[in-house]
Amino acid sequence: MRRILSSLLTLLAVTQIQAQQQRAPKLVIFITVDQLRGDYIEYFRHTFGERGFNRLMAEGAVCHNVRFGFTNLNQASTLATLFTGTYPSTHGITGLKTYSFETAKETSQLYDPDYLGNFTRDHYSPKRLQAATIGDELKILSGGRSEVYAIAPDAEAAILSAGHAANGAFWIDNYNGRWATTTYYKGVPWYVEKYNNSNESLPARLGTRVWQPALPADKYDALPCLSGTTAFQYTFKANTAGCYPDLKTSPFGNEEVNRLFLHFLEYGALGTRPTPDFVALTFYAGNYRGIRYSGNTREIQDLYHRLDKELERLIDAVEKKVGLANTLFVLTSTGHFESEEIRPDDARSAGGEFNTKRCLTLLNMYLMAIYGQKSWVTGYYDNQIYLNHKAIEEAKIDLAEIQARAATFLQEFSGVERVTTDMALRSGMWNEDVADLSRGTYRTGRGDLLLALNPGWVVVHDDNAKDNPKVIRSQAVPTPVIFFGSGIKPQHIYREVKAVEIAPTVTHIMRIRSPNACKEYPLPEIR
C-alpha cells in the first residue's frame with residue numbers, strides 16, 4: 001500500500017512539474033528579419049556581443065535549415081507563409097506588388113481604397129490575405145482579451161504579420177517618417193500618438209542620423225573582395241527623395257522598430273493579462289538601398305553588428321519587464337537575399353540575356369500565324385506572361401490549347417528552363433518538378449504562362465534599358481529559426497524544417513489551435 005501511495009505521489013509531483021513547464025507564455029515576440037542569412041550570422045559572430053545573436057544561439061533551440069518550399073520568395077509571400085502556416089497558393093499573397101495592364105501601374109497587394117490611413121496618405125488592409133494568422137487565432141480564442149500588435153519598417157510587413165483581428169499594425173511612412181497605420185484597425189494607442197508628435201519622433205531626430213562604421217576598420221574582415229570605401233558615411237535629409245525608404249534599409253530602421261516596441265513594453269501592459277499577448281516585429285538585414293555598387297560590403301557587416309545590439313537591448317528589456325520564463329521569442333528570416341549584380345564588361349560567365357520585350361513580340365507573331373492577326377499577348381510581369389483573354393474568348397479559342405501552344409514555343413527560347421501553363425496548374429497536371437512553382441502562385445491574378453529561367457541569365461525588359469537587371473540565381477540562402485525562452489531547451493537541429501511548420505509550433509507552445517489554413521504538425525523537437 002505504501003509503495004502504491006509513494007508511486008502515486010511521485011506521479012503527481014512529476015505531473016505538476018510537467019504542467020509548470022508546459023504553461024503557456026504570457027508574451028510571444030515573433031521577430032522576422034527580412035533577408036537574414038544564417039551564414040552571415042556565422043561570419044560576423046566575432047564582432048557580436050554575448051546577449052544578442054550569441055545568446056539566442058547558445059540558449060535557444062536553433063533550426064539551421066528552414067525551407068520555404070515555393071518559388072519567387074519575397075518579403076510579402078514569406079511573411080504571410082510564416083504567420084499563416086500555409087503557402088501562397090492558399091493564403092493568396094505572392095508578392096509586394098501587383099500589376100494592372102489596363103492602367104500600366106503597380107500597386108501594393110494590400111491596397112484597399114475603403115480604408116484611410118493614420119499618419120499616412122496610403123490606403124491598406126489585410127483583406128487580400130486569405131488565411132488566418134497566429135494573432136487572429138489568439139484574438140478569437142481569447143475572446144479579444146489578448147493584445148496583438150505588429151511593428152515593421154514597411155506597411156506590407158506590418159499588416160501581414162498582424163493579420164485581420166489584431167489591435168494594430170504600425171510602419172514608418174515613406175513620406176513623413178512617422179509611425180503610420182490604417183483605419184482598418186481600430187484606434188491608435190495614446191503613447192504612439194504622443195511619440196509621433198514629440199521630439200522623440202524620427203522626423204525630429206532625422207538630422208542627427210549619420211551612419212558611419214561602428215567598428216574599427218580592421219574588424220570588417222569577415223567577407224573577401226569588399227566593395228566601396230573604408231570609411232563610409234550616409235546622412236538622411238527630409239527633403240531628399242527616398243530619404244525614409246533609404247533609412248529603413250540602414251541600421252536606423254531596426255533601431256526605430258525597437259524604439260517603438262519599447263514604448264509598447266513600457267505603456268502597453270504586455271505580458272500582464274490572463275491571456276497571452278502577441279507582438280510581431282520585422283527587422284531588416286539586406287543590402288542598403290543607397291549603395292550604388294555591388295558585391296560584399298562593409299555596410300552589411302555593420303548592419304548585422306548593430307542589429308545584434310538591438311536584439312540585446314530588446315531581450316534585456318523584456319527579461320527585466322516580463323521575464324524570460326514568461327516570454328517566448330521566435331526569430332527567423334524571410335529566406336531570400338536581394339542583391340544587384342553588376343558584371344564587368346570583360347567578365348565571362350555562363351548565361352546570357354533574356355529580353356522580355358523581344359520574347360513577347362516573337363510569341364505574338366507565332367500566335368498570329370496560327371490564330372489570325374490580333375494582339376494575343378498582353379504583357380510580361382514577374383516571370384509570367386499574360387495572354388489577351390478577351391481576344392481569345394471572342395475568337396472562341398480553347399484557353400488550354402493556346403496556352404499549350406505558347407508554352408511549346410517558349411520552351412525553345414535560349415535561357416528558358418521550363419514553361420508551365422496556368423491551366424496545367426489548375427487541373428493538377430504537374431509533377432514534383434513544378435510543385436514549388438504551384439505553391440508559390442495563387443489562382444487569381446496568375447499569368448497564363450509561368451517561366452523558369454536558367455541560372456546566370458540576365459532579365460532585361462528593353463533593348464536599350466539595362467538598369468537594375470535581374471540575374472537569375474538558384475542557390476539556397478541559409479535560413480534559421482530560433483525558439484528562445486519560456487521553457488525552451490537549448491539544442492541545434494540540422495535537418496530540413498518546413499517554413500509552414502513554424503506557425504503550428506508557435507501555437508503549440510502557446511496552447512492554442514493552429515491558423516485555420518495550416519496543415520502541418522508542430523516540430524517534434526520543440527516542446
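Take Ala231 and tell me if it is of a type in the set (A, V, I, L, M), closer than 30 Å to Arg513 by Cβ, in a loop (DSSP other than H, G, I, E, B) and free of Cβ contacts under 8 Å to residues at least 40 places away in the same chain.
no
Here Asn65 does not fit the description of being assigned to a helix (DSSP H, G or I) and either on the phi > 0 side of the Ramachandran plot or surrounded by fewer than 23 Cβ atoms within 10 Å (Cβ to Cβ) (or both). Which one of Asp302, Asp316 is among the charged types (D, E, K, R), over 25 Å from Val28 (Cβ atoms), modelled with pLDDT of 95 or more and assigned by TED's automatic domain parsing to the domain that holds Gly60? After ruling out the rest, the residue left standing is Asp302. Taking the range 356-451 and the helices (runs of 4 or more DSSP H) fully enclosed by it, the elements with 2 or more residues that are farther than 23 Å from Glu102 by Cβ, touching a residue at least 40 places away in the same chain (Cβ under 8 Å) and under 32 Å from the mean Cα position of the chain (by Cα) are at 399-410, 435-439. Among the residues of the range 443-502, which ones are acidic (Asp, Glu) and either surrounded by 16 or more Cβ atoms within 10 Å (Cβ to Cβ) or modelled with pLDDT under 90 (or both)? The answer is Asp448, Asp462, Asp463, Asp467, Glu501. Selection of the range 27-42 for residues being buried (at least 16 other Cβ atoms within 10 Å of the Cβ) and assigned to a helix (DSSP H, G or I) yields Gly38, Tyr40, Ile41.
Taking the criterion of being of a type outside the set (D, E, K, R), under 22 Å from Val192 (Cβ atoms) and out of contact with any Pro (no Cβ under 6 Å at 6 or more places or on another chain), the residues of the range 119-132 that qualify are Phe119, Thr120, Tyr124, Ser125, Pro126. Residues in the range 146-165 that are in a loop (DSSP other than H, G, I, E, B) and either under 14 Å from Pro515 (Cα atoms) or touching a Ser or Thr at 6+ places or on another chain (Cβ under 8 Å) (or both): Ser146, Pro153, Asp154, Gly163, His164, Ala165.
Reported count of residues in the range 231-268, each being touching a Pro at 6+ places or on another chain (Cβ under 7 Å) and β-branched (Val, Ile, Thr), is 1. Applying the condition of being farther than 18 Å from Ile172 by Cβ and of a type in the set (Ser, Thr, Tyr) to the range 113-145 and asking which residue is surrounded by the most Cβ atoms within 10 Å (Cβ to Cβ) yields Thr133.
Report yes if Asn199 is assigned to a loop (DSSP other than H, G, I, E, B), in the same structural domain as Leu82 (by TED's automatic domain parsing), loosely packed, with under 14 Cβ neighbours inside 10 Å and not small (Gly, Ala, Ser), otherwise no. Here the answer is yes, as Asn199 does meet what is asked.
Could you please find all residues in the range 237-258 being farther than 14 Å from Glu299 by Cα, without any contact (Cβ under 8 Å) to a residue 60 or more places away in the chain and outside any helix (DSSP H, G or I)? Listed by number, the residues that qualify are Lys237, Asn239, Thr240, Ala241, Gly242. I'd like the residue in the range 219-274 that is loosely packed, with under 14 Cβ neighbours inside 10 Å and aliphatic (A, V, I, L, M) and, out of all such residues, is farthest from Ala169 (Cα to Cα). The residue in question is Ala231. Does Ser77 satisfy being touching a Lys or Arg at 6+ places or on another chain (Cβ under 8 Å), assigned to a helix (DSSP H, G or I) and touching a residue at least 40 places away in the same chain (Cβ under 8 Å)? Considered against the rule, which asks whether it is touching a Lys or Arg at 6+ places or on another chain (Cβ under 8 Å), assigned to a helix (DSSP H, G or I) and touching a residue at least 40 places away in the same chain (Cβ under 8 Å), Ser77 comes out as no.
Return the residues of the range 8-26 that are modelled with pLDDT of 95 or more and either touching an Asp or Glu at 6+ places or on another chain (Cβ under 8 Å) or in a helix (DSSP H, G or I) (or both); say none if nothing qualifies. Of everything in the range 8-26, just one residue is modelled with pLDDT of 95 or more and either touching an Asp or Glu at 6+ places or on another chain (Cβ under 8 Å) or in a helix (DSSP H, G or I) (or both), namely Lys26.
Here is the figure for the range 168-183: residues that are touching a helix residue (DSSP H, G or I) at 6+ places or on another chain (Cβ under 8 Å) and assigned to a loop (DSSP other than H, G, I, E, B) total 6. Note on the range 80-112: residues that are among the acidic types (Asp, Glu) and part of a loop (DSSP other than H, G, I, E, B) amount to 2.
The values are calculated or read from the model by the stated rules, or taken from the named source; none is laboratory data. As the structure is a computational prediction, the values presented were derived from the model and not from experiment. Please note: Cβ atoms are built from the backbone with ideal geometry, for glycine as well, and neighbour counts cover all protein chains shown.
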